[in-house]
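Trainee: Okay, handing you the structure first.
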Amino acid sequence: MSASPVAAGLTNYYEMVRHKIHHLVAPLSTEQLWVRPYAYGNSIGNLLLHLTGNLSYYIGAQIAQTEYIRHRDLEFTDSGKSKEELLKNFDRTIDMVVATIQKQSAEDWSAPYFAEREPEAKDRFTIFLRCAGHAYHHVGQIIYLQKELALDQAKSAD
């Protein structure tokens, strides 16, 4: 059985997000992932924790029934996990999202959806789409942070 165009498109999008994240963090050390170039912003590590938590809750707990319990505040305050652990957890989450997408029937996409802090998503398709947009919003922030870290590294090498 082939995937629906919706499932194929969403799968490709989430896989693109995974690839982009890996590409962006590849040149960085674990220590760099936890640097906050701006006092008012997040580190790349915290953004990875946040993306993992977001997807694990909105798709994992609410649709895939993973029983994930989210501790959202820790996504922005926790630190110290290794680069490998961050990526492993992120990849496991993307794998779960993709598997959940593949399990959706045509009727499942319009099934009612409700989750805390997400009043706009009234059906499953909408939450998959909103989470995809949210993920790429943070990819954009990671692009910017990675460039700032590279600039700082170049300045300190001079």
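Trainee: Return the pairs, sorted by first residue and then second, in which the second residue is exposed (fewer than 15 other Cβ atoms within 10 Å of the Cβ) and at pLDDT 95 or above, the first residue lies in region 122-137 and is closer than 17 Å to residue 50 by Cα and aromatic (Phe, Trp, Tyr), the beta carbons are less than 9 Å apart, and the residues are 6+ apart or on different chains.
Mentor: Between residues of region 122-137 that are closer than 17 Å to residue 50 by Cα and aromatic (Phe, Trp, Tyr) and residues that are exposed (fewer than 15 other Cβ atoms within 10 Å of the Cβ) and at pLDDT 95 or above, the close pairs are 136/16.
Trainee: So, in region 26-46, of the ones that are hydrophobic (A, V, I, L, M, F, W, C) and without any contact (Cβ under 8 Å) to a residue 12 or more places away in the chain, which residue ends up surrounded by the fewest Cβ atoms within 10 Å (Cβ to Cβ)?
Mentor: 39
Trainee: What tally of residues in region 1-42 results from selecting those that are under 14 Å from the mean Cα position of the chain (by Cα) and among the hydroxyl-bearing types (Ser, Thr, Tyr)?
Mentor: Number of matching residues: 3.
Trainee: For residue 49, state whether it is out of contact with any helix residue (DSSP H, G or I) (no Cβ under 6 Å at 6 or more places or on another chain) and surrounded by 15 or more Cβ atoms within 10 Å (Cβ to Cβ).
Mentor: The answer is no for residue 49.
Trainee: Name the residues in region 56-69 that are assigned to a loop (DSSP other than H, G, I, E, B) and buried (at least 18 other Cβ atoms within 10 Å of the Cβ), would you?
Mentor: Correct list: 68 only.
Trainee: Taking the conditions exactly as written (touching a Phe, Trp or Tyr at 6+ places or on another chain (Cβ under 6 Å), hydroxyl-bearing (Ser, Thr, Tyr), surrounded by fewer than 17 Cβ atoms within 10 Å (Cβ to Cβ) and at negative phi), does residue 79 satisfy them or not?
Mentor: Details: touching a Phe, Trp or Tyr at 6+ places or on another chain (Cβ under 6 Å): yes; hydroxyl-bearing (Ser, Thr, Tyr): yes; surrounded by fewer than 17 Cβ atoms within 10 Å (Cβ to Cβ): yes; at negative phi: yes.
Answer is yes for this residue.
Trainee: Taking interchain pairs and intrachain pairs at least six residues apart, which have beta carbon atoms under 9 angstrom, with the first residue in region 141-158 and more than 20 Å from residue 51 (Cα to Cα) and among the small types (Gly, Ala, Ser) and the second at pLDDT 75 or above and not in a helix (DSSP H, G or I)?
Mentor: Close Cβ pairs satisfying both conditions: 150/27; 150/28.
Trainee: Here is a further query. So which residues in region 83-129 are part of a helix (DSSP H, G or I), exposed (fewer than 15 other Cβ atoms within 10 Å of the Cβ) and not acidic (Asp, Glu)?
Mentor: Within region 83-129, 88, 92, 99, 102, 103, 110 qualify.
Trainee: Can residue 12 be described as free of Cβ contacts under 8 Å to residues at least 12 places away in the same chain and either under 25 Å from residue 148 (Cα atoms) or not hydroxyl-bearing (Ser, Thr, Tyr) (or both)? Break it down into steps so the answer makes sense when it comes.
Mentor: Values: free of Cβ contacts under 8 Å to residues at least 12 places away in the same chain: yes; either under 25 Å from residue 148 (Cα atoms) or not hydroxyl-bearing (Ser, Thr, Tyr) (or both): yes.
Spelling it out, residue 12 is indeed free of Cβ contacts under 8 Å to residues at least 12 places away in the same chain and either under 25 Å from residue 148 (Cα atoms) or not hydroxyl-bearing (Ser, Thr, Tyr) (or both).
Trainee: Which residue pairs have Cβ atoms closer than 6 Å, lie 6 or more positions apart in sequence or on different chains, and pair a first residue in region 61-90 that is under 22 Å from residue 118 (Cβ atoms) with a second residue that is at pLDDT below 95 and of a type in the set (A, V, I, L, M, F, W, C)?
Mentor: The qualifying pairs are 62/115.
Trainee: Checking the structure you have, find out if any residue of region 39-46 is in contact with a helix residue (DSSP H, G or I) (Cβ under 8 Å, 6 or more places away or on another chain), at pLDDT below 95 and not aliphatic (A, V, I, L, M).
Mentor: Yes, region 39-46 has at least one match.
The values are calculated or read from the model by the stated rules, or taken from the named source; none is laboratory data. Predicted, not measured: the structure shown is a model, and the values here were computed from it. Virtual Cβ from ideal backbone geometry, glycine too; neighbours counted across all protein chains shown.
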